[in-house]
Each structure stands twice: as structure tokens, then as C-alpha cells.
Amino acid sequence: MEQLAEECVADVVRGALHFGSGGGGDPYLGQQLVVAAIRRHGPIRLVTPETLASDAPVLPVVSGGTPVALTEKVHGTLEARTLRSVVEARIGRECAAVLPVQLGSVNVAVALAVAAELGLPCLDADLMRRTWPSIDMTLLRLFGYSAAPITVVGGAGVVAEFSHGADAVLGELLRAVMPGLGLVALISAYRVTAGDCARFRAGGSISDCARIGAALAEVDPAREDGFEPYLRACGGRLVCSGTVAELVQRYGEGAPRGVVSLRTPEGLVRLDFQNENLIVGREGAVLATVPDLIGIADSETGALQQTVDLVTGQEVRVITGPVDHRWHTPEGLRMVGPRAFGYPVDAVRFDGAVPAGQGRSVEQG
């Protein structure tokens, strides 16, 4: 893709739902953000990292705060311009493009909207190759880059900066300042250039969202093979089909976490989530885990669902798909594998996973 026009926005946001893995924010909100920006400023230019000078600094952008708060207090032009000016003042150069940090529906949309507001192109790339809940869960961090310096801009233009420090400490500080900023802020992190993105092969993200989103639009759940366009596009497979029996969730530090129980013909299936879907198991057998993508589709409409929006009695299908192979390295699993989220099981990798109805025993994990 060379530019994003209004007629392509729905596909991009729909595809970002896939990479959100049950989280990533409200797709309707994301679509409205980008459409409004395009109507104000015209189509958004997309560029690949290789087309920019290797040393050209880029502006990583991610939305901080709770998805619920963002529905009431959307990001504005002041935040975007302030973020850019603070980052450029620090590095002493102009940023050549905006870089999405992650691929959730809201954060893809926010990065695109910021690019439009600033008159900059958006890199067809991202730093996670999916959605993770923390700004230090990136490919750059996996290869030793520090998340600092971090710049946070609140809705009233209030700026907080963290120039250095351990990433775990910086994460705590970020969470600490969010209430004072109204639980909504624009954030930029990392010192990153176009050359970094090219070197770590982080390109093609927006195009992938558009391609998978277009395939999702072709899903016809009334047909036995109705999900095939989507499964082919994302390289995924069906884990199980069932009925939502129970959804138990709570909000800790502004983030949803909980358990979904599904009644399936093969038995009761449990799905654990923390922002994103993390573990799928049936009667002691683990069927799918992070870092792979785990999505839930409505069986009647074929649309991918935010896990927090599921309702009792809803008929759904659980689908898993592969993720960037670097998340399955020993270092990647230490950062984003099941144990990193507090689950005492080993990762079940997608390309080695067994068909639904089988799986790895929890006790073996």
C-alpha cells in the first residue's frame, strides 16, 4: 500500500482485530478516528522503512490509558503536535514518519490519525507484530534496546518524560502518572530510526492488516467452509466452536483480565485473558497459548470479537494463528510466553500444535 484512503480504513481496522488477539480496543472507535483524520487532511501516505534514509528518526506512537476512557476523551491535535515537538527537541532532528508501536485496532488507528494530523507519512511497520499490553514488549526490546526515553503527553498538553531507567520501573511510573492525565495520553518511546525498522524486518504491518481485514469481510459463517478466506489469509486454524457459558472479568490497573468458559461438543473449554487472549485449554489439555494469536469470532456474523464484549449464550469460534517467529525464541518466550503472564505452562507453538480435541497436558507444562 502506498496510501490509505477512506474506503480502505474498514479493512485495516478489521484486520487489526486479528492482531489484537481479543484485545486492542474498540474497532468502531478506531475506524472513526482514521476516517475523521482522512476527511480533514486527505489520504494518509504509507512508506516502507527501506524508502527512508537509514538514519532518519521516526516517531513511535502508542495510545496510553484505558480503552473505556478513550471512548470519552479522544486524542487531539494538541497532543500530537506536542509529542512531536518534545521528541524532536530532544533528538535535535525532525522525524521522518510516524511508527505504530503495536497492531491493535485502536493503536493502528491512533498512529495513522497522528500521521495525518502532523502531515507525516506513516510507516507500514510496527514494533510488536501484534498487540502486547506493555510498551517494553517489542522486537526492539527483545534485541536489547531500552524503551527509554519515554515521552507522555496528556489531553491538556501536560508532558511527562522519563529519560532513562529499568524498563520495569518505567512501566510502573507510566501507570502512576496516567490518572493525573485523565487516563488517556499519547506516548512515544525508544530511539528508533528507519534503519532499525528495516534491520529488524518490522515492515508490512498496515498492509497485512488490510489484507487480512479484506479476507474477514468475505467470511460467510452460514457455509461450512465460510471462515476459509480468513484462515487462508492469516495462516490460522479453528481450535473449537462453542457457546459462551460464563465470562468472569475484573479490571486491574485499568486493564481487563479474566476467564471465558465455553461449552463445546468435546467438553468445557477455558480461555484465560489479560488484555489479550493468552491460554486456551480443555479438561487439563492446553490447546493454544501466547505468543501465538488467539481470536474469538461470532459464529453468526463471522466478526472477530473483543473478549470483554462476549455475552453468555453467544455462539463463537476460537481461532489461533502464527506470530512472528522471534517471539518463540527462548528470549522471546521469557518476555511474552505463558510464564511471563503467570501461567505455569510451556508455550504451545502454532505450527507444532495438534488438532482440536488433543493438546499438551497442563501437568506437562
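Worth a mention:
- Distance from the Cα centroid of the stretch 173-187 to that of the stretch 260-279 is 31 Å (rounded to whole angstrom).
- Each listed q (0.11 Å⁻¹) maps to a log10 I(q)/I(0) for the chain from the Debye sum over equal C-alpha point scatterers, namely -0.70.
- Computed over protein heavy atoms with a 1.4 angstrom probe, the accessible surface ordering of 99, 268, 238, largest first, is 268, 238, 99.
- Our summary gives the chain a relative contact order of 19 percent, counting only alpha carbon pairs under 8 angstrom and 6 or more residues apart.
- Under a 5 Å amide H cut-off, with hydrogens placed 1.01 Å from N, residue 240 pairs with 318 among residues at least 5 apart or on other chains.
- With DNA, RNA and ligands ignored, accessible area of residue 282 (1.4 Å probe; Å², nearest 10): 20
- For the residues 281, 180, 20, a GNM of the chain with alpha-carbon springs under 10 Å puts the largest fluctuation on 180.
- Of the whole protein surface, residue 143 contributes about 100 Å² of accessible area at a 1.4 Å probe radius.
- Rounded to 5, percent antiparallel among DSSP beta bridges of the chain: 90
- Share of alpha-carbon pairs per 5 Å distance bin for the stretch 95-136, given as whole %: 5, 27, 33, 21, 11, 3
- In the assembled protein chains, residue 227 presents an accessible area of approximately 10 Å² (probe radius 1.4 Å).
- When both bridge partners sit in the stretch 46-168, DSSP labels roughly 40% of those beta bridges antiparallel.
- Distant-in-sequence amide contacts of residue 345, defined by a placed amide H-H separation under 5 Å and a gap of 5 or more residues or a different chain, comprise 339.
- Here each label is just a point 7 Å from Cα along the line to Cβ, and for residue 177 and residue 325 those points are 3.9 nm apart.
The values are calculated or read from the model by the stated rules, or taken from the named source; none is laboratory data. Fair warning: this is a prediction, and the values are worked out from it, not measured in the lab. Backbone-built Cβ (ideal geometry, glycine too); neighbour counts: all protein chains shown. Side chains are part of the model used for accessible areas, which takes the heavy atoms of the whole protein and leaves out ligands, DNA and RNA. Shrake-Rupley method; radii C 1.70, N 1.55, O 1.52, S 1.80 Å.
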